[in-house]
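Please read the structure below before turning to the comments.
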Amino acid sequence: MLNIALPKGRLGEKVYLMFERAGFECPSIKENNRKLIFENEEAGVRYFWVKPSDVPIYVERGAADIGVAGKDILLEYEPDVYELSDLKIGKCAMCVAAPKSFRDNSARTLRVATKFSRIAGNYYSSIGRDIDIIHLNGSIEIAPILGLSDVIVDIVETGTTLKENNLEVKKQIVPISARLIANKASYKFKAEQINAVADGLKAQTEE
Ligand code: PRP
C-alpha cells in the first residue's frame with residue numbers, strides 16, 4: 001500500500017484527479033467531504049487530506065510515502081525529502097509587494113511582513129539588505145496599509161488581492177508550483193510503485 005498525503009483544498013482536488021488519470025483512482029474520495037482517509041486496496045493506494053503546509057512533515061517522517069506540496073512550502077521548511085517532479089499546476093509566484101508610493105530607503109532597516117520568514121530572509125541576505133522580519137500567519141496585505149511593515153513577501157497568483165489593497169509587485173523572488181515529493185526510505189523500498197505514480201503524473205504534465 002502506498003500512503004499519499006494530499007493538500008486539502010482546491011489544489012488538492014486537482015492533484016487527486018491527476019492521480020486518478022494516472023491509474024490510481026479511489027472513487028470514495030469524491031463522495032465524502034468530512035472523512036480524511038480513503039483507501040483503494042486494489043489500486044494499492046491510501047490517500048489522506050492534510051493541511052497543505054503539513055504535507056512535508058508527513059512525508060519527511062514516513063507517515064506518507066509520497067505527497068504533493070507547493071514549492072513555497074518546500075523552500076520555507078526545507079524538509080529532508082526527495083523532490084521528484086514539478087506537476088506544473090498551482091502556479092504562482094513569491095513576490096515582494098508594497099504600496100505603489102513605496103520607495104526603499106537603504107539607510108533604514110526594511111520592515112518585511114510575511115508568512116515565509118525563511119524565504120524572505122534568504123532573499124534579502126542574498127542582496128545584502130538589512131531587514132526586520134515581522135512573522136504573520138495570514139492576511140499579510142494589511143501590514144503595510146496599517147504601517148506595521150514597509151513591504152510584504154507573499155504569494156501572488158492572480159494579483160487581485162494586491163490590487164484590491166492598493167499594493168503592487170516590486171520584485172518576483174521565485175516562481176512556485178506544486179511538486180511531487182517522496183520519503184527517502186520509501187523511495188528505496190517502494191521504488192517501483194513510486195516511479196509508476198511519478199511516471200503517470202509526468203505524462204500529464206507533458207501533454
Ligand atoms: C494567498 C496569498 C494572497 C493571495 C494571493 O492567500 O497570501 O493573499 O492568496 O492570491 P491572488 O493573487 O490570486 O489574489 P491565502 O488564500 O493562502 O490566504 P492567507 O495567506 O491570507 O492565509
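The values are calculated or read from the model by the stated rules, or taken from the named source; none is laboratory data. Here the structure is a predicted model, which means the values were calculated and not measured. Don't worry about glycine lacking a Cβ; one is built from the backbone with ideal geometry, like all the others, and counts go over all protein chains shown. Please note that ligands, DNA and RNA were not included when accessible areas were found on the heavy atoms of the full protein model with its side chains. Shrake-Rupley method; radii C 1.70, N 1.55, O 1.52, S 1.80 Å.
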Scan segment 22-44 for residues that are over 25 Å from residue 77 (Cβ atoms) and assigned to a strand (DSSP E or B) and jot them down.
38, 39, 40
Just give me the residues in segment 8-41 being in contact (Cβ under 8 Å) with a residue 60 or more places away in the chain, touching a strand residue (DSSP E or B) at 6+ places or on another chain (Cβ under 6 Å) and open to solvent by less than 30 Å² (accessible area, probe 1.4 Å), in sequence order.
15
For segment 102-168, give me every one of the helices (runs of 4 or more DSSP H) that falls completely inside it and has 2 or more residues that are open to solvent by less than 30 Å² (accessible area, probe 1.4 Å) and either modelled with pLDDT of 95 or more or more than 21 Å from residue 75 (Cβ to Cβ) (or both).
117-126, 142-145
Going through segment 145-195 in order, the residues found to be of a type outside the set (D, E, K, R), more than 16 Å from the ligand (Cβ to nearest atom) and touching a residue at least 60 places away in the same chain (Cβ under 8 Å) are 180, 181, 182, 183, 185, 186, 187, 193, 194
Yes or no: segment 136-150 includes at least one residue that is among the hydroxyl-bearing types (Ser, Thr, Tyr) and either within 30 Å of residue 194 (Cβ to Cβ) or over 22 Å from the mean Cα position of the chain (by Cα) (or both).
yes
